[in-house]
Amino acid sequence: MGSSAKKKKEKKKDFQKVKLKVGKTKAKAANHTDTSFKAKAIALKQQSLSTHAPTVEAQCAHQLSLLNHKSDTQRRDSLAYLTTVMSTHPPGLPLPQPASVIVPAVQRLVLDGSNSVRQQMLKLIQSLPKADIASHTDSLLLHTRAAMTHLSTDIRTFALEVLEWLLSVAGDEVVSCAGGWVKTLKCFLSLLGWQAEVGSKWSAMRTYGRGASDAKVQVKQMNTLAAFLRAGLVQPTATAAVGAGTDAFPLWQTEHHVLSERSNAFAHLNLFGSTRDEEAEMYEDREDRQRVFHELAEGAIAAGIEQSTKGGGELGRAGAYLRKAMKEGMVDFHRVDIL
């Protein structure tokens with residue numbers, strides 16, 4: 001009986017409410033820690049936090065490795081960090097990571113599914129020296145062409161922005177690198193649907209032409225194609241000025257008699273080379289690019305421009321701008337044909 005009564009008493013004790021008297025403080029908990037002490041200073045064993053901090057080179061290398069992260073936020077933040085470092089780096093000093101390491105690591109992000117990642121990637125390569133970009137034009141152009149034919153409209157439009165920037169900083173390298181002229185021309189013809197039919201009859205059939213948004217994309221494609229043709233076909237102003245200034249006797253056509261600035265001046269003859277691959281060949285001479293353009297694309301582009309200008313509006317203005325660029329680039333070529 002005694003043990004049973006004791007158990008009931010203890011059980012009842014768990015549910016009893018403690019009555020507190022007025023003015024009496026509540027009892028402290030069993031695990032209470034007294035933090036009422038005050039300290040004027042805290043002494044650390046090592047007060048320099050930068051003793052073991054990684055260098056900028058190591059941090060850039062780490063951020064480059066994070067570009068393979070599955071999170072688009074992490075990829076964007078890594079690109080933003082690299083952009084800040086490259087843009088604020090003192091000119092004349094070596095970069096924390098050379099462009100030969102950065103460009104191959106970021107060029108595939110032209111095809112990234114996140115728009116913020118793509119835009120940040122473009123800002124990063126724009127912060128690099130132009131001379132370094134020129135030496136990596138072929139690989140950048142390869143990924144850009146792949147993005148130009150992507151199923152996503154946003155990626156195709158972004159690829160055109162990248163190509164326009166490449167033409168502005170390294171136009172000669174874009175049109176003269178291996179595959180840069182013919183493959184890019186065929187890519188534009190495929191995008192615009194301007195293909196040649198059998199029997200030298202030219203057609204102008206749209207492949208991406210449904211709706212107002214696709215019409216805006218086509219306008220962007222035509223404007224970029226015009227910039228591409230200007231870079232490859234239009235004679236540079238400086239070269240034209242030299243020829244005009246040396247017309248007086250006895251300096252006639254001096255530019256044709258001076259030593260060539262190219263390393264292999266007679267490469268176009270292909271005297272000792274293997275069989276040429278038209279698409280992957282390098283067309284460093286403007287005359288060669290004119291000839292290939294006339295054979296492969298001039299008729300199709302002319303037919304496509306004629307159809308585009310009939311509709312008027314932005315499409316018609318883009319067609320007129322493209323026609324002007326094509327005429328300026330091919331005016332001397334057709335004059336030679338007539339003669």
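Here, each number is a calculation from the coordinates, and none is a lab measurement. In this text, all values refer to a predicted model and were calculated from it rather than measured experimentally. We place every Cβ from the backbone using ideal geometry, glycine too, and count neighbours over all the protein chains shown.
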Among the aspartates and glutamates, which have Cα under 13 Å from the Cα of residue 70 when same-chain residues fewer than 8 positions away are ignored?
-> 112
Ranking of 25, 254, 144, 157 by count of other Cβ atoms within 10 Å, fewest first = 25, 254, 157, 144
Residues residue 186 and residue 72, FRET efficiency given R0 of 30 Å [Cβ-Cβ distance, rounded to 0.05] | 0.40
Residue span residue 115 to residue 19: 0.36 nm per residue of separation minus Cα-Cα distance leaves a gain in nm of 28.0 nm
Kirkwood Rh, angstrom, the range 56-172 [1 / mean 1/r, Cα pairs] = 14.3 Å
Could you calculate the contour length gain from residue 39 to residue 139, that is, 0.36 nm times the residue separation minus the distance between their Cα atoms, to one decimal place in nm?
-> 29.8 nm
Points 7 angstrom from Cα along the Cβ direction at residue 317 and residue 294: gap in nanometres?
-> 3.3 nm
Return the FRET efficiency for the residue pair residue 123, residue 331: r is the Cβ-Cβ distance, R0 is 30 Å, and the value is rounded to the nearest 0.05.
-> 0.20
At residue 257 and residue 324, where each label point lies 7 Å from the Cα along Cα→Cβ, what is the point-to-point distance in nanometres?
-> 3.8 nm
